[in-house]
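Single-structure report; data block below.
The values are calculated or read from the model by the stated rules, or taken from the named source; none is laboratory data. The shown structure was predicted, so the numbers you read here are calculated from the model rather than taken from an experiment. Heads up, the Cβs are rebuilt from the backbone with ideal geometry, glycines too, and the neighbour counts pull from every protein chain shown.
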Amino acid sequence: MEDWDRRYAARSERMRASEIRELLKLLDQPDIISFAGGIPDPALFPDAAFRAAYDEALRSNPGAALQYSTSEGHAPLREWLVGYMAGIGVPCTAENIAITAGSQQALDQLGKLFLSAGDTVLTTWPTYLGALQAFNAYEPRYDRLTPEQGNMTPQAYREAAAAAGGRVKLAYLTADFCNPTGETVSREGRLRVLELARELDIPVVEDAAYRALRYDGDAQPAILALDVAQTGDIERTRTIHCGSFSKTLAPGLRLGWICAASAVVRKVVLIKQAGDLHSPTINQMVMHQVAETVFAGQVEKVRTAYRARRDRMLAALARHMPPGVRWTRPEGGMFIWLTLPDTLDGARLLARSVESARVAFVPGGAFHPDGTGANTIRLSFSLAGDEAIDAGIARLAALIAEMAEGTARAA
């Protein structure tokens, strides 16, 4: 058999299968209650609007719908996004927008654009697993970004990066309802990130995939909006805003966007040309029509549904979890983050849970760049119904109590 491993580039050693993608295979087992993937509920998709939009695209302009298109993206969709960005405090033009295959492709493109082997990415601990996967191919190291507690000094970051053989190249964070913790960075924390980025002269990658899913509390300004307010013009900003239609309209069309200074957008477009030429034309045409007609109502619909599921899971956690277990109380998004007693390991808990309790979740270690966080787990409430939430949390809590008691006896 051919030994392919010896032929791969060194960077391939840092490519790992997503634990979440592997866990999604469990969804095929009907008796598993899954709190694993952050998957939108398909029952909430505006399928009638999509069906009508596809029919319209193929009826009125099939030549354009099925043809190659520009790498920047479908012009009407980009113009719609100009209006959307203005609504969150970011005045811009279509030259500041590039369409991507979801925000995941945007992260890969930005890693390719900014990172050389040995460079440093500043990110929160824990952070989005998909971002680590996207950046890892470009062989960076990671350092901690702590917006709320106060970051290290710029000089300390520089010295740590230099000691590792590179430079600090970008800061990455999900400021709204972070995947995996569900936590939101305060306005003050966002301003601290911007200040640090200016002192280090690096870009800030703002992953805004969950921004529209706020259920409680006061909305926080987008980091790019704060940047524009400080600099006066998007062309003078250093923040790169990555958005997505996946959590609001539908994930299967694989459409997201980058909003940034036009110089960055032009470089991203070159990467897009080399990667996949452009996102599917018909999908962009359809997304534009659906966004233009049902976006506001659809966002309110999913907010209502997910708010109820979040509340249900928080109530179940309060009823069933044993002492020593702590969890976040997110104001939006799809996730609740549990911290277990120090003696418990999330990966071992998952193995036992799938085998006996038939409940799936994601161990927290996968979200830590250094592999720490063994005693943490992520629960998603977006796909489970009320009965599944109640039963799943009760089973999981009983197993946690059993394992905690066992480790206490062993000690």
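What single numbered condition from (1) within 22 Å of THR181 (Cα to Cα); (2) in a helix (DSSP H, G or I); (3) at pLDDT 80 or above fails to hold for LEU24? The single condition LEU24 does not satisfy is (3). Screening GLU139 with (1) within 14 Å of ALA366 (Cβ to Cβ); (2) assigned to a loop (DSSP other than H, G, I, E, B) gives one miss only, at (1). If the condition is being among the polar types (S, T, N, Q) and at pLDDT below 95, then the range 147-188 contributes GLN149, ASN151, THR153.
So which residues in the range 330-349 are without any contact (Cβ under 8 Å) to a residue 60 or more places away in the chain and touching a helix residue (DSSP H, G or I) at 6+ places or on another chain (Cβ under 9 Å), if there are any at all?
Once the filter is applied, which keeps residues that are without any contact (Cβ under 8 Å) to a residue 60 or more places away in the chain and touching a helix residue (DSSP H, G or I) at 6+ places or on another chain (Cβ under 9 Å), the range 330-349 yields LEU338, THR339, ASP345, GLY346, ALA347, ARG348, LEU349.
Only one of the numbered conditions (1) within 25 Å of SER244 (Cβ to Cβ); (2) surrounded by fewer than 22 Cβ atoms within 10 Å (Cβ to Cβ); (3) among the small types (Gly, Ala, Ser); (4) at pLDDT 95 or above is not met by ALA106, and that is (2).
In the set LEU249, LEU224, only one residue is modelled with pLDDT of 95 or more, under 22 Å from the mean Cα position of the chain (by Cα), surrounded by 21 or more Cβ atoms within 10 Å (Cβ to Cβ) and over 16 Å from THR93 (Cβ atoms); that residue is LEU249. Within the range 70-92, residues that are more than 14 Å from VAL269 (Cα to Cα) have Cβ atoms under 6 Å from residues that are polar (S, T, N, Q) in these pairs: LEU77/GLN284, counting only partners at least 6 apart in sequence or on another chain. Of ARG236, ARG192, all but one fail to be under 19 Å from PRO91 (Cβ atoms) and in the same structural domain as THR146 (by TED's automatic domain parsing); the exception is ARG236. Just so you know, in the range 378-409 the residues that are of a type in the set (Ser, Thr, Tyr) and under 24 Å from the mean Cα position of the chain (by Cα) include one that is surrounded by the fewest Cβ atoms within 10 Å (Cβ to Cβ), and it is SER382. Hey, can you tell me all the residues within the range 354-380 that are assigned to a helix (DSSP H, G or I), of a type outside the set (Asp, Glu) and over 23 Å from ASP311 (Cα atoms)? Listed by number, the residues that qualify are VAL354, SER356, GLY365, ALA366, PHE367. Which of the residues that make up the range 28-43 are closer than 29 Å to ALA212 by Cα and buried (at least 17 other Cβ atoms within 10 Å of the Cβ)? The answer is ILE33, SER34, PHE35, ALA36, GLY37, GLY38, ILE39, PRO40.
Filter the range 368-388 for residues that are touching a Leu at 6+ places or on another chain (Cβ under 7 Å) and at pLDDT 95 or above and give the result.
To start, the set of residues in the range 368-388 that are touching a Leu at 6+ places or on another chain (Cβ under 7 Å) comprises 369, 375-377, 379.
Correct list: ASN375, THR376, ILE377, LEU379.
For the range 221-323, the helices (runs of 4 or more DSSP H) that sit wholly inside it and include 1 or more residues that are in contact with a Cys (Cβ under 9 Å, 6 or more places away or on another chain), under 27 Å from PHE114 (Cα atoms) and not acidic (Asp, Glu) are 223-231, 262-275. The set of residues in the range 148-189 that are farther than 23 Å from ILE336 by Cβ, assigned to a loop (DSSP other than H, G, I, E, B) and not hydrophobic (A, V, I, L, M, F, W, C) comprises GLY150, ASN151, THR153, GLY165, GLY166, ARG167.
Taking the condition touching a strand residue (DSSP E or B) at 6+ places or on another chain (Cβ under 8 Å) and either outside any loop (DSSP other than H, G, I, E, B) or surrounded by fewer than 22 Cβ atoms within 10 Å (Cβ to Cβ) (or both), does LEU196 pass? Let's see the steps before the verdict.
Values: touching a strand residue (DSSP E or B) at 6+ places or on another chain (Cβ under 8 Å): yes; either outside any loop (DSSP other than H, G, I, E, B) or surrounded by fewer than 22 Cβ atoms within 10 Å (Cβ to Cβ) (or both): yes.
Judged against the criteria, LEU196 is a match.
Just one of the numbered conditions (1) crowded, with 21+ Cβ neighbours inside 10 Å; (2) part of a loop (DSSP other than H, G, I, E, B) is not true of GLY217: (1). Answer yes or no as to whether LEU349 is closer than 25 Å to THR124 by Cα and either outside any strand (DSSP E or B) or in the same structural domain as ALA308 (by TED's automatic domain parsing) (or both). Taking the combined requirement at face value, the residue satisfies it.
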